[in-house]
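**Q** Please find one structure pasted underneath; my questions will follow.
The values are calculated or read from the model by the stated rules, or taken from the named source; none is laboratory data. All figures in this text were calculated on a predicted structure; none of them were measured in a lab. Cβ: placed from backbone, ideal geometry, glycine included. Neighbour counts: every protein chain shown. Note: areas computed on protein heavy atoms with side chains; ligands, DNA, RNA excluded. Shrake-Rupley method; radii C 1.70, N 1.55, O 1.52, S 1.80 Å.
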Amino acid sequence: MEKYLIVAFLAAGIVFFAAMSYGLLLLNAGRISWYEQLLRNRYLGGVLSAAALAWCVPQVQAVAWTFLANWAWIIAAAALMLCVRYLDNMVARGWAGLLIMGAYSYLDMIFDCKLELGLAGAVQAWVWGAVGIVVAAKPCYLRDFLRLAARKTFWKYLTAALSMLTVLWLILTIVIFLKVQG
């Protein structure tokens, strides 16, 4: 069962990065206002943030003190409600949380499953984790980057290519994982 869950999460990553790449390819100066409004959508941001928190809380419970571990879900739910109510750029924040948790889980999975991907397997996770940390700290940077990518196609195509490279890498990871796990 765990094997199929890992493949499902990797497949979700493929869909996530493919959709991101497609969205970047559609980006232009005429559509930038739609992208900026999307970043401020509280409902979608709440869903993305809830997914990131649901992914994060079990990791926190494993290392937290017992009294805090018992309250982790309640604290996460309260924090999510407060964030949706009072913070701006919730989609950017939720997207950043998913990038951070995805990078952490990917690194954890490749080492736990003894996939010999070496530095090449770690570098993409480090890049996306670092992007997630930067966007989580300053969500306006994502908006500013989208504005830059709408004006200068080099940045748009570079980021779309990195996203598609990640898709190919995740497909390769699934193939290696299934070969190693049998």
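**Q** Quick one: how many lysine pairs in the chain have C-alpha atoms under 23 angstrom apart, if they're 8 or more apart or on different chains?
**A** Close lysine pairs found across the chain: 5.
**Q** Please list V15, V7, V63 from largest to smallest accessible area, probe radius 1.4 Å, with all protein chains kept in place. Could the numbers behind the result be given before it?
**A** On the way: V15 100, V7 35, V63 125 Å².
Result of the area sort, largest leading: V63, V15, V7.
**Q** Would you please calculate the Kirkwood hydrodynamic radius of region 1-99 over all C-alpha pairs and express it in Å, rounded to one decimal? Display every interim value, and only then the final one.
**A** Working: mean 1/r = 0.0656 Å⁻¹.
Every distinct Cα pair counted, the radius reaches 15.2 Å.
**Q** Under 13 Å from the Cβ of G121, count the other residues' Cβ atoms, weight Lys and Arg +1, Asp and Glu -1, and hand me the total.
**A** Net charge in that neighbourhood comes out at -2.
**Q** Find the relative contact order for the chain and round it to a whole percent, using C-alpha pairs within less than 8 Å whose residues are 6+ positions apart. Walk me through the numbers before you get to the answer.
**A** Values: 182 pairs, mean separation 65.3, N = 182.
Value for the chain: 36 percent.
**Q** Right, another one. What whole-number distance in Å separates the alpha-carbon centres of region 10-26 and region 28-76?
**A** Each part reduced to its Cα centre gives a spacing of 19 Å.
**Q** Add +1 for every Lys or Arg and -1 for every Asp or Glu among the other residues with Cβ under 15 Å from the Cβ of M81, and state the total.
**A** +3
**Q** In nm, give the distance between the simple-model label positions of R42 and M81, each being 7 Å from the Cα along the Cα-to-Cβ direction.
**A** Distance between the two pseudo-spin positions: 1.4 nm.
**Q** What does the convex hull of the Cα atoms of region 105-155 come to per residue, in Å³, rounded to a whole number?
**A** Hull volume over Cα atoms, normalised by residue count, gives 81 Å³.
**Q** I want to check the label-to-label distance for T153 and N70. Put each point 7 Å from Cα in the C-beta direction and report it in nm to one decimal.
**A** The answer from the label model is 6.1 nm.
**Q** Would you please report the Å³ per residue occupied by the convex hull of the alpha carbon atoms in the chain? Numbers along the way, then the final one.
**A** Values: hull volume 21.7 nm³, N = 182.
Spread over its residues, the Cα hull of the chain gives 119 Å³ apiece.
**Q** To continue, here is another question. Modelled label-to-label distance, I171 and I133, 7 Å Cα→beta-carbon offset: nm?
**A** 3.1
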